[in-house]
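Visitor: One structure, as C-alpha cells, below. Some questions next.
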Amino acid sequence: MKTRSTKVTLGLYTFGIVWGFVIVAPVFWLALLSLKTPLDAFAVPPKLFFEPTLDAYFAVFGDSKFLAAIANSFIISVGSVVLSLLIAIPAAYGLRNMRGPLRYNSMLAILLIRMVPGMVYLLPFFVLYKYLNLLDTHIGLIIVHLIFNVPLIIWMLAPIWASIPKDLSEASRIDGATPLQILLLVDLPLVKGGILASSILAFIFSWNEFLFALILTRRTVVTLPVAIVNFLAYEGTEWGKISAASMFIIVPAMVFGFLVRRYMIAGLSSGAIKG
Amino acid sequence: MAAASMPDTMALVRLSYRRSNSGYKRFVIPAMFVIAVLTIVPILMTVALSMTSLSYLNTRPTAFIGMENYVELFRDQRFLNSLWQSAILIFGPLPFQLLFGFFLALTMNERLPGMGWLRLIFIIPMFFPPIVMGLMWKVMFTPQLGGINYYLSLIGIQGPLWLGEPFYALISICIAAIWGWTPFVAVMFYTAMQTFPKDLYEASRIDGATWSQQLRFVTLPLLRETALVVIVFRIMEALAIFPIIFVMTSGGPAGSTETANYYAYTAGFQFLKVGYASSIILTFLAMLFIILGPATRMLLRKVGAEGER
Amino acid sequence: MAEIVLSNVGKVYPNGQSAVTDLNLTIRDKEFLVLVGPSGCGKSTILRMIAGLEDISSGTLTIGGRVANDLEPKDRDLAMVFQSYALYPHMTVAENIGFPLRLAKVDKGEIDRAVREAARILELGPYLDRRPAQLSGGQRQRVAMGRAIVRKTSVYLLDEPLSNLDAKLRDQTRSEMVDLQMRLGVTTVYVTHDQVEAMTMGHRVAVMKDGFLQQVAEPKVLYNKPVNAFVAAFIGTPAMNFLDAEFVDDQLVVAGKPVTVTDQARANLRTHTGTSLTLGVRPEHLALSDSGIGAEVSGVEWLGSDAIVRVRYSDRGAQKTLVLRCDGETGVKRGDIVHVHLGRGIHVFDEAGRRIEDGT
C-alpha cells in the first residue's frame, strides 16, 4: 500500500540503522579490546584488524578473586530471587484477589518504595550491618536486594495475573478449594511464564547491581561488578582484563534479557501505559 | 433519603470489601511486613542519623545535633554545586532521550526487512550492567584507547580531553546516559503506540492527513500521558548513573561531575561522615519529590487505577 | 454526482489468500447500497478498497467517472465511518467533527459554522465541548457521522456503524440514518453482517459470500426471488426451511407427497428429473391444515402478534424440523400432531443451489 511517501520510511529506516550502529559500535569496541594485546590496545590509529589473543580471558579466569566473584554474584542473585519469589508470589496473589482501597494503597506503597533512590537506604543499612556484623556477607546483600526485587516481582505479576480470567479460580472456589489450594493448584501453573520472566528480571537486577555491593561487601563477598572496578583500581590500566571481564558479565544479562524482553516491557510500564 | 442512605451504603461497601479480602490478607501481610521492615525502618533511621554527628572517622561520641547538619548543608558550596550538577545530569540527557526515543519508537513500529533484528539491537542497553556501561564509555573517551578522538580527527575535528575537562566530562556522562536509557524511552513509546487503534490512522488518512499531520494530531497527543510517565521514571531513575560517574570520573575533575547522590556517597563512605551524608541525601530526595510531586501524583493515580482493575 | 463502478475487481493478499474475486458492482448516484454477508465474505475489503485503504489487486474502480485505483484516500471525495467510530480521544466533539476541515486548512470561522451545522443536523449541539469518553455509544456514533457530513463529500462509506450499539438504540438509529441519507442525497455504501439492517436500510442490497457477489437487488426482490439457496437462507428470520425434494413423474415430490407448482416451474423442472433438489419455503408460507405432511409440534415460541411453531416430521426415516410462522392466536402446543401444508411461496433450488425459475 502506498500509505505514505517512501521518503519517510527511508528516513526512519536510516535513523534506525544509524542508531543500531551507535549502540553496537562501543560494545564491539570493548569486545575487540578484550582480544587485543596491551600494545595493540593503545595503537594509533586504532587497529580494527589485529591478531586476536585470549590472554586477557586466561588472565581473568586464572584470577582466583574473579572466580570467587562469579560464585558470589551467582549465590547472591539466585538467593535474592528465591527469597523474593517466596515473599512476592503470595502477595501478588492476594492483591490480585483483593478489592477496594486496601489493594489500591498497597500497590501504590510498593511502587513508591521502588522509586526511592537506593542511597537513602544505603546509609542506614551500612550503620545497621556494621552493628549486626552483616557487612561482607551473602545474606546481607541478599536481604538488601529484596527491597527492589519484591516490588519488581509484585508489580510485574499483578497485571499478568489480572489478565487470567478469574472464572477459573472462582470455579474452584465453588468446588470447595481454599485460597491456598487455589493458589497452588490453579493459579500458579497459569502464571508460571510470568513468574519465570519476573525471576529473570530480578536476577538481572541483582547480577548488575553495583552501589549496595560496593558498600556492603568489601573483601570476601565481592560481586562481579565490584570485582571489575577493583581491576580498575588495583591493577592500573589492565584494560584487557577489564574488557574481558565486562564481556563475561554482560553475557548472562543479555541472554536472559532477550528471553524475557516481552515481559520486561510489561514490567517496565507496569500497566501505567495501558490505562 | 439519598443523604440518609449514603453512609449506610458506604459502610456496606466497606464491609463487603473487608469480607471478600479477609481470606487473602494473610497472603499479603508477610510481604508488607518484610517491605516495611526493609524500607520504612531504614528511612526513619536515615532521618534520625541526619540529626546526629555520627562519623566513623573521629572518636568523639555521637551526639544529637538537631538541624545542624542541614544548616551546614546550605553553607556547603560543594553541596550547592552538586545540586546544580545533578540538575545538568538529570535534565541534560532527557530531551535527547525523549526525541531519539520517539523516533526510535516510530522506527520500531515500521514493518521493514530486518526490523526484528534492529529491535533486538535497540534494547541491548536495557540489560547492560550500568557499571559496564561506564567502563565501556570510559574506554571510548580515553585518549588512544578509545577511537573517538582519532575518528574525529579524520573529519578534521580536534577532540577534547573528554574526561579531563569539567565541561566535556559532563558531556561524556550525558552521552553515556543517552546511549543507556534512550532504549527505555523508545520501548515505552513503542509499547504505547502499539495500543493506538489502527482506525484512527485510517480515518485521519481518509480525512486527508499527511504523515506529519498524523504525527502531530494523532500520535503525539496520544503519547502525552506515556511521555509523562517516561519523564517521571527517567528523573527518578536518573540517579542510576551513579556507577557510570563512579568509573568514568569519580565525580571529577575537580568535583565537576559530582551529583548530590554522589556527594552523599563521598561524604558517607569516604569521609565516613554518615550523619552529614544522611542530611545530604534526604534534602536531595525532598527536592526531587517537590519537583516531581504534581506529576507523580497524577502518574500514581493512573497506576493506581490500573492496580484497581 | 458520484456513481461508483467496480469492474472485475479482485483482491488477493500477499499471502495468496483471495478476499474478493471478480466483482462487478455499480453503486448508483445517491443510492444507499448495503453490502451484507457473513464475516470473512469480503464485504469490508470491498469498502476498504473503495476507501483506498487497501490496494486493488485487479480490475478497475471508478468514482464519479474517475478511475480511482491509485488515488490517495483523501482525493477520492469520500468520507468513512468506522465500526469503532475512530474518534480522536484527545479532541472534543467539535474538534473531532471539524478535524477534516482543519486538515484541509479551511479557515476557523468556516470550520465553526460547518461544525455547528453538522451538530444541528445530528442534534449534537449540547455536547460539542465534551470528549468522546464522556459520550454514550449513540452519541459517539453521531459524532462519527458528523465527521463525514462536515466534509460535504459525495460518497459515504459506513463500516458496521451500528454494531456497537445496543438493540433498542440500533433500531432507532437505523431509521435516523436512512432519513439522513435521504435528506443529504449522498451515495452511501454500508457494510453490515446483519441482514435486518440490510433489508431495512438499503435501496439495494448486495449479498456476498466467500469473496463472490451472490446477488444485488432491492430488498423485496432479494426476499422473494433469491438467486440461490445461500441468499435464500441468509435473508429472513426465522430462516427459510429447506426440504429435500425430487421431480418424478412430472411432479415435485416432498416427503412422499406431491407439491403443486406453477406450470412454468414444472416446465423448468423437467430438465432436473431424477436429480436431488431442494425445496425452500419461508416460515410464513407454511400453514397448519388438515392435510399435508404429518408432523409433531416440538415447540412454540409466542411472540405476540404471531407465533413461531417448530414441528418434527420424518422423511424416509430421518427426523427433520420445520419452522412455521403462525397467527398469534393459534392454539397448538408441544406434542400436538399436526399437518403442514406446502402451497405458497415455494422456491426450488437445483443440485448446485441455484434457483429454478417459476415464472412468478
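Visitor: Which residue, of C:Glu31, C:Glu72, is over 18 Å from C:Lys209 (Cα atoms), within 20 Å of the chain's Cα centre (by Cα) and of a type outside the set (A, V, I, L, M, F, W, C)?
Guide: C:Glu31
Visitor: Hey, A:Ile87 hits all of (1) facing chain B (nearest Cβ under 10 Å); (2) modelled with pLDDT under 90 but one; which does it fall short on?
Guide: In the conditions (1) facing chain B (nearest Cβ under 10 Å); (2) modelled with pLDDT under 90, A:Ile87 misses (2) alone.
Visitor: Let me ask something additional. What tally of residues in the stretch A:113-133 results from selecting those that are touching a residue at least 24 places away in the same chain (Cβ under 8 Å), of a type in the set (A, V, I, L, M) and more than 7 Å from chain B (Cβ to nearest Cβ)?
Guide: Adding up the residues that qualify gives 1.
Visitor: Enumerate the pairs (first residue in the stretch C:208-224 and assigned by TED's automatic domain parsing to the domain that holds C:Ile46 and over 17 Å from C:Gly10 (Cα atoms); second residue anywhere and part of a helix (DSSP H, G or I) and not hydrophobic (A, V, I, L, M, F, W, C)) with beta-carbon separation below 9 Å, excluding pairs fewer than 6 apart on the same chain, so at least 6 apart or on different chains.
Guide: Within 9 Å, the pairs are C:Pro219/C:Thr200.
Visitor: Any idea how many residues of the stretch C:263-289 are under 20 Å from C:Pro226 (Cβ atoms), touching a residue at least 60 places away in the same chain (Cβ under 8 Å) and not basic (Lys, Arg)?
Guide: Residues that pass the stated criteria total 14.
Visitor: Would the stretch A:159-171 turn up any residue that is buried (at least 20 other Cβ atoms within 10 Å of the Cβ) and aliphatic (A, V, I, L, M)?
Guide: yes
Visitor: All but one of (1) buried (at least 18 other Cβ atoms within 10 Å of the Cβ); (2) facing chain B (nearest Cβ under 7 Å); (3) more than 27 Å from A:Phe203 (Cα to Cα); (4) not acidic (Asp, Glu) hold for A:Gly100; which doesn't?
Guide: Of everything listed in (1) buried (at least 18 other Cβ atoms within 10 Å of the Cβ); (2) facing chain B (nearest Cβ under 7 Å); (3) more than 27 Å from A:Phe203 (Cα to Cα); (4) not acidic (Asp, Glu), A:Gly100 misses just condition (1).
Visitor: Here's something else I'd like to know. Kindly provide the set of residues from the stretch B:79-107 that are among the small types (Gly, Ala, Ser) and over 19 Å from the mean Cα position of the chain (by Cα), ordered by number.
Guide: Listed by number, the list holds a single entry, B:Ala105.
Visitor: What number of residues within the stretch B:103-161 satisfy the criterion of being more than 7 Å from every other protein chain (Cβ to nearest Cβ), loosely packed, with under 15 Cβ neighbours inside 10 Å and in a helix (DSSP H, G or I)?
Guide: Number satisfying all stated conditions: 6.
Visitor: Going through the stretch B:208-252 one residue at a time, which ones are more than 14 Å from chain C (Cβ to nearest Cβ), of a type in the set (A, V, I, L, M) and outside any helix (DSSP H, G or I)?
Guide: Across the stretch B:208-252, there are no qualifying residues.
Visitor: Looking at the stretch C:62-82, I want the residues that are more than 15 Å from C:Ser7 (Cβ to Cβ) and have a partner that is in a strand (DSSP E or B) and among the polar types (S, T, N, Q) with Cβ atoms under 8 Å, at least 6 apart or on another chain. Which pairs are those?
Guide: That search, which allows pairs on different chains as well, returns nothing.
Visitor: Can you name the residue in the stretch A:134-144 that is surrounded by fewer than 24 Cβ atoms within 10 Å (Cβ to Cβ) and under 16 Å from A:Leu86 (Cα atoms) and, of all such residues, is farthest from the other protein chains (Cβ to nearest Cβ)?
Guide: The selected residue is A:Ile139.
Visitor: Of the conditions (1) facing chain A (nearest Cβ under 9 Å); (2) surrounded by fewer than 18 Cβ atoms within 10 Å (Cβ to Cβ), B:Tyr190 fails just one. Which one is it?
Guide: Tallying (1) facing chain A (nearest Cβ under 9 Å); (2) surrounded by fewer than 18 Cβ atoms within 10 Å (Cβ to Cβ), B:Tyr190 fails exactly one: (2).
Visitor: Another question about this same structure. Within 7 Å of chain B (Cβ to nearest Cβ) and at pLDDT 90 or above: which single residue out of A:Ile23, A:Ile75 fits that description?
Guide: A:Ile23
Visitor: So, one more: Can you name the residue in the stretch C:91-111 that is in a helix (DSSP H, G or I) and small (Gly, Ala, Ser) and is also surrounded by the fewest Cβ atoms within 10 Å (Cβ to Cβ) among such residues?
Guide: C:Gly109
Visitor: If you scan the stretch C:97-111, which residues turn out to be at pLDDT 90 or above and small (Gly, Ala, Ser)?
Guide: C:Gly98, C:Gly109 - these are the residues of the stretch C:97-111 that are at pLDDT 90 or above and small (Gly, Ala, Ser).
Visitor: For the stretch B:92-101, give me each residue that is in contact with a helix residue (DSSP H, G or I) (Cβ under 8 Å, 6 or more places away or on another chain), away from chain A (no Cβ under 11 Å), under 19 Å from B:Leu228 (Cβ atoms) and of a type outside the set (S, T, N, Q).
Guide: Correct list: B:Pro93, B:Leu94, B:Phe96, B:Leu98.
Visitor: Output the number of residues of the stretch A:170-182 satisfying the condition of being modelled with pLDDT of 80 or more and within 21 Å of A:Pro159 (Cβ to Cβ).
Guide: 1
Visitor: Which residues, counting only those in the stretch C:290-336, are more than 17 Å from C:Gly256 (Cβ to Cβ), exposed (fewer than 12 other Cβ atoms within 10 Å of the Cβ) and either outside the structural domain of C:Leu243 (by TED's automatic domain parsing) or more than 33 Å from the chain's Cα centre (by Cα) (or both)?
Guide: Result: C:Asp290, C:Gly331, C:Lys333, C:Arg334, C:Gly335.
Visitor: While we're on this one: Residues that are within 28 Å of A:Val255 (Cβ to Cβ), without any contact (Cβ under 8 Å) to a residue 60 or more places away in the chain and within 23 Å of the chain's Cα centre (by Cα): which helices (runs of 4 or more DSSP H) entirely in the stretch A:145-235 hold 1 or more of them?
Guide: A:192-208, A:211-216, A:224-234
The values are calculated or read from the model by the stated rules, or taken from the named source; none is laboratory data. Quick caveat: nothing in here was measured; it's all calculated off a predicted structure. Please note: Cβ atoms are built from the backbone with ideal geometry, for glycine as well, and neighbour counts cover all protein chains shown.
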